[in-house]
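Asker: Please find one structure pasted underneath; my questions will follow.
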Amino acid sequence: MSPEVSIVVPVFNEEGNVRPMYHAVREQMAGLDMGFELIFVDDGSSDNSLAILRELHEEYDEVRVIAFSRNFGHQSAVSAGIEASSGDAVICMDADLQHPPSMIPQMIEQWRAGYQVVYTIREDDAETGLLKRWFSSAFYRFINWISDTPVIPGAADFRLMDRAVVQVLTAMPERSRFLRGMVGWLGFNQIGIRYRAASRHSGQSKYSIRKMMQLAMNGIASFSAVPLRLSGYLGVLAASAWIPYGLWAVYLRLFTNQAVPGWTSLLVIVLFLGGVQLIALGILGEYVSRIYTEVKGRPLYITQQRLGFERRSLHHEA
Ligand code: UDP
Ligand code: MG
């Protein structure tokens, strides 16, 4: 018999968090009368996380571990955990206890009420840095403006999915993953519940500005072709503004003896067009690089070790 709930937790240098995380989840599950498995995906940690995960695996039957060969990123780690899960429902949550395990019973309740996706909406907390909050709200406004797939602000990768949803999600072959967009795109019966994010239990955020930008660009490029078309619009705009001016200049030159007015206008036009062209090329590059990644068809991640999955058939009480 398969466990009823799989909990997927990506781990990147979280040595201070995985143990408290395990106990917090176990405590919640104890009150629920359901089987569960806890799948930790070690995303190439360089601290003691993997060693602690191995210990947890030895100590507790319901702990499974997937170890990547290097850091592949949060979205890949979550994807790997989801793929390896076997529960009727799958809950993804962060290892740093910012996604409160105390929300699990409520999520399960909504799932039992018939919702196939239970996503969560983070109420803004003062703990998050101003810059990150600003960046995040600007990003959500932008992506919702240019994309047909709604992406709910504050709905991070803390959600429950029914097995039916997991099946279609894991069948989606795309490499540049933006899970929150993909799940939104899938449809099904979805419901959101609000929660207040706790502060990080231990350590620092593992999402660098670079990783955040990467995720944002993946989201935009995977869910909208508007930027690609934008360069076309800009080009049309630029051309329609400057062609009459050019024609007028030619007319002056040919049919009057007024001198062509200096280099200022020339400079302005050249600079402006140069700018537009570079922007257009940049946007093109973003999409071409993603096409390239998809075409190469490399795996999303490489697993080095899997622990605990063989016991699945043996264990089914919480
Ligand atoms: N994480 C990961 N790989 C990475 C970066 C982060 O697996 O390359 C995990 C991390 O261990 C945590 C979750 O993703 O469980 C969210 O990361 P974090 O808490 O650092 O992000 P924040 O909450 O600051 O946005
Ligand atoms: Mg966090």
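Bear in mind these aren't lab numbers, they're just calculated from the coordinates by the rules spelled out. None of these values were measured; they are calculated from a predicted model. FYI the Cβ positions are ideal-geometry reconstructions off the backbone, even for glycines, and counts take in every protein chain you see.
Asker: In bins 20 Å wide, starting from 0, what share of all Cα pairs of the chain does each bin hold, as a percent?
Answerer: Pairs per bin, as whole percents: 28, 48, 15, 7, 1.
Asker: Which shape class, rounded, prolate or oblate, goes with region 1-133 when its Cα gyration tensor gives a ≥ b ≥ c as root eigenvalues, a/c under 1.5 marks rounded, and past that a/b bigger than b/c marks prolate?
Answerer: Working: a/c = 1.56, a/b = 1.08, b/c = 1.44.
Oblate is the answer for region 1-133, as a/c is 1.5 or above yet b/c matches or exceeds a/b.
Asker: Shifting gears a bit: Taking the simple approach of a point 7 Å from Cα along Cα-to-Cβ for both Ala113 and Ala171, what is their distance in nm?
Answerer: Each label point is offset 7 Å from its Cα along the Cβ direction, giving 2.9 nm.
Asker: What residues from region 217-244 fall in the zone where the backbone N is under 12 Å from a label point 7 Å along the Cα-to-C-beta line of Phe135?
Answerer: 217
Asker: Related question: Would you calculate a helix-derived [θ] at 222 nm for the chain, using -39,500 (n - 2.57) for each DSSP H run of n ≥ 4 and dividing by the full residue count, to the nearest 500? Could the numbers behind the result be given before it?
Answerer: Details: 10 runs with 155 residues, N = 318.
Calculated from helices alone, the mean residue ellipticity at 222 nm is -16000 deg cm²/dmol.
Asker: What list of ³J(HN,Hα) couplings, whole Hz, do you get for region 270-279 from phi and the Karplus terms 6.51, -1.76, 1.60, once you set θ to phi - 60° and write x for glycine and proline?
Answerer: 4, 5, 4, 5, x, x, 4, 5, 5, 4
Asker: Then there's this: If the cut-off is 20 Å between C-alpha atoms, which lysines fall inside it for Lys132, apart from same-chain ones fewer than 8 positions away?
Answerer: Filter leaves Lys206, Lys211.
Asker: Using amide H atoms built in the peptide plane, which far-off residues or other-chain residues are under 5 Å from Leu38 H to H?
Answerer: Ile7, Val63, Arg64
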